[in-house]
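Colleague: Here it is, the structure, as structure tokens.
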Amino acid sequence: MQVPAHFEYRRATDVDDAVALLARFGPEARVVAGGHSLIPMMKLRLAQPELLVDINELSELSGVRLQNGPDGPELRIGALTRHAELLDSAPVGEHAAMLHDAERVIADPIVRNRGTVGGSICQADPSEDLSGAFTALRAVAVIRGADGERTVPVREFFRGPYETAVGPAEVLVELRVPVRAGSGSSYLKVDRRAGDWAVAAAGAVLSLRDGRVSAAGLGLTAVGAPGFGAPDAEEYLLGRTPDPETFAEAGRIAARACRPVADQRGPVDYKLHLAGELTARALTAAAARAADR
């Protein structure tokens, strides 16, 4: 039977209390919300925290709202927002449809009802769907510690596999997604069975103006793209017409930046092919949605 090592448990009363507990107990303390990643790792003794800080009652970290930010309208998504809540959010469907695309292929309803957006992002698993989606959307992470809040672009948030910019006495509290007029987005994934980790996945965001691409964002999952991104392909897209040839070339450029590893999900050449093909298809779907808007 898989049994975690001994640990202490505290239930935080608010975000400041959670930060204080993390600071008091040091780097061996961990935050728990949905627990779908942390608890299995504890059972396998891959993680052995001395303290779990439960933040499930911190309602201020839940929910999705659309409001004006310093650079215009943005979606503000609380870190404790459950996957199912994100999937049901009308503002998300209208302004960041790729998040709905991604949520539909994450695990199963049981996991989506309990798992949290912030927990998925902070896990920083190379195959995690929302990491690629928020990278494409150029989201900004809001992190709170004893010295107050700080913001980190998601493209600087991931420091490596299972490593993020969140410090040992800090809590991710929110993700902010800019809302751009005339934009569309899409997320596509290939997996071995429904709800499984991705063999490869790609997300795309496009803004169109006068029949040309005025802004582009790409995110790639499970294919070894540095920071889940493809900046060279994004730069290539700017100013070009949104047609199949443009998208196919962007896919080829994106795939060249990937460094997948061969595993039980497939060989390297297959994953590189998927990276390019899924990027082109996600761009096509994003362009169609942008045109509709």
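The values are calculated or read from the model by the stated rules, or taken from the named source; none is laboratory data. Worth saying up front: this structure is predicted, and the values here are computed from it rather than measured. With ideal geometry, Cβ positions are generated from the backbone for all residues, glycine too; neighbour counts draw on all protein chains shown. The accessibility values were calculated without ligands, DNA or RNA, using every heavy atom of the protein model including side chains. Shrake-Rupley method; radii C 1.70, N 1.55, O 1.52, S 1.80 Å.
Colleague: Tally up the carbon and sulfur contribution to the accessible surface of the chain as a whole percent, 1.4 Å probe, everything protein left in place.
Modeller: Reported share for carbon and sulfur atoms: 50 percent.
Colleague: Follow-up question, since we're still on this one. If a helix is a whole DSSP H run, which ones in the chain reach 24 Å or further along their own axis (Cα) and hold a mean Kyte-Doolittle hydropathy of at least -0.5?
Modeller: Those that clear 24 Å and a mean of -0.5 are 268-292.
Colleague: Please list the radius of gyration and Dmax for segment 1-111, considering alpha-carbon atoms only, with Å as the unit.
Modeller: Rg then Dmax for segment 1-111, in Å: 16.7, 52.
Colleague: Another question about this same structure. Can you pull out the trypsin sites (Lys or Arg not before Pro) in segment 29-128 whose DSSP state is coil and whose Cβ has at most 13 other Cβ atoms within 10 Å?
Modeller: R45
Colleague: Right, next: Which one of V31, V261, V117 has the biggest mean-square fluctuation once the chain is modelled by GNM with Cα springs under 10 Å?
Modeller: In the Gaussian network model the winner is V261.
Colleague: What whole number of Å gives the distance from the Cα centroid of segment 222-293 to the Cα centroid of segment 95-154?
Modeller: 20 Å
Colleague: What is the Cα coordinate range of the chain on the first, second and third principal axes, sorted by size from largest, in whole angstrom?
Modeller: Largest first, the chain extends 57, 45, 31 Å along its Cα principal axes.
Colleague: Loop only per DSSP, at most 14 neighbouring Cβ atoms within 10 Å: give me the GluC sites (Glu not before Pro) in segment 19-66, ordered by residue number. Provide the component values of the computation, followed by the final result.
Modeller: On the way: sites: E28, E50, E57, E60; in loops: E50, E57.
Loop-located and lightly packed - E50, E57.
Colleague: Take the Cβ-Cβ distance between N68 and D108 as r, set R0 to 41 Å, and report the resulting FRET efficiency rounded to the nearest 0.05. Before the final figure, lay out the partial values.
Modeller: On the way: r = 36 Å, r/R0 = 0.88.
Efficiency computed from Cβ-Cβ geometry: 0.70.
Colleague: Would you kindly state how much longer the chain becomes between R10 and R159 on full extension, computed as 0.36 nm times their sequence separation minus their alpha carbon distance, in nm to one decimal?
Modeller: Extra length available between R10 and R159 comes to 50.8 nm.
Colleague: Using only the heavy atoms of the protein chains and a 1.4 Å probe, how would Y162, Y9 rank by accessible area, largest first?
Modeller: Details: Y162 125, Y9 95 Å².
Greatest to least solvent exposure: Y162, Y9.
Colleague: Just to make sure I understand: if all protein chains stay in place, what is the order of L66, L130 by accessible area at 1.4 Å, largest first?
Modeller: L66, L130
Colleague: With a probe of 1.4 Å, find how much accessible area segment 5-156 has per residue, and write the answer as a whole number in Å².
Modeller: Per-residue accessible area for segment 5-156 comes out at 45 Å².
Colleague: Multiply the residue separation of E28 and E60 by 0.36 nm, subtract the distance between their alpha-carbon atoms, and state the gained length in nm to one decimal.
Modeller: 9.0 nm
Colleague: Amide H neighbours of D191 under 5 Å, at least 5 residues apart or on other chains, H built in the peptide plane: list them.
Modeller: Amide H to amide H, under 5 Å and 5 or more residues apart or across chains, D191 pairs with V199.
Colleague: To continue, here is another question. Show me 221-228, 12-19 ranked by packing, highest mean number of other Cβ atoms within 10 Å first.
Modeller: So the peptides 221-228, 12-19, ranked by packing, come out 221-228, 12-19.
Colleague: Tell me, what HN-Hα J-couplings in whole Hz come from the Karplus equation 6.51 cos²θ - 1.76 cosθ + 1.60 at θ = phi - 60° for each residue of segment 225-237, using x for Gly and Pro?
Modeller: Working through the residues one at a time gives 6, x, x, 6, x, 9, x, 5, 5, 4, 5, 4, 5 Hz.
Colleague: What trypsin sites (Lys or Arg not before Pro) in segment 188-260 are in a loop by DSSP, with at most 14 other Cβ atoms within 10 Å of the Cβ?
Modeller: When the trypsin sites (Lys or Arg not before Pro) of segment 188-260 are filtered for loop state and at most 14 Cβ neighbours within 10 Å, R192, R193 remain.
Colleague: Here's something else I'd like to know. Using only helices, what value at 222 nm comes out for the chain when you add -39,500 (n - 2.57) per DSSP H run of length 4 or more and divide by the total residues, to the nearest 500 deg cm²/dmol? Write down the numbers at each step before the final one.
Modeller: Details: 12 runs with 107 residues, N = 293.
Calculated at 222 nm, the ellipticity per residue is -10500 deg cm²/dmol.
Colleague: Counting only other residues whose beta carbon sits under 9 Å from that of G34, what net charge do I get with K and R as +1, D and E as -1?
Modeller: +2
Colleague: Around L99, with a cut-off of 14 angstrom between Cβ atoms, what is the net charge of the other residues, counting Lys and Arg +1 and Asp and Glu -1? Write down the numbers at each step before the final one.
Modeller: Values: positive: R76, R82, R104, R112, R138, R176, K189, R289; negative: E74, E85, D88, E94, D101, E103, E128, D129.
With Lys, Arg at +1 and Asp, Glu at -1, the net is 0.
Colleague: Which net charge results for the neighbourhood of V179, defined as the other residues with beta-carbon distances under 13 angstrom from its beta-carbon, given Lys and Arg at +1 and Asp and Glu at -1?
Modeller: Computed value for this residue: +3.
Colleague: Another one. Extension gain E249-V152, at 0.36 nm per residue separation less the Cα-Cα distance, in nm? Write out the running numbers ahead of the final one.
Modeller: Working: separation 97, 0.36 × 97 = 34.92 nm, distance 3.07 nm.
Length gained, E249 through V152: 31.9 nm.
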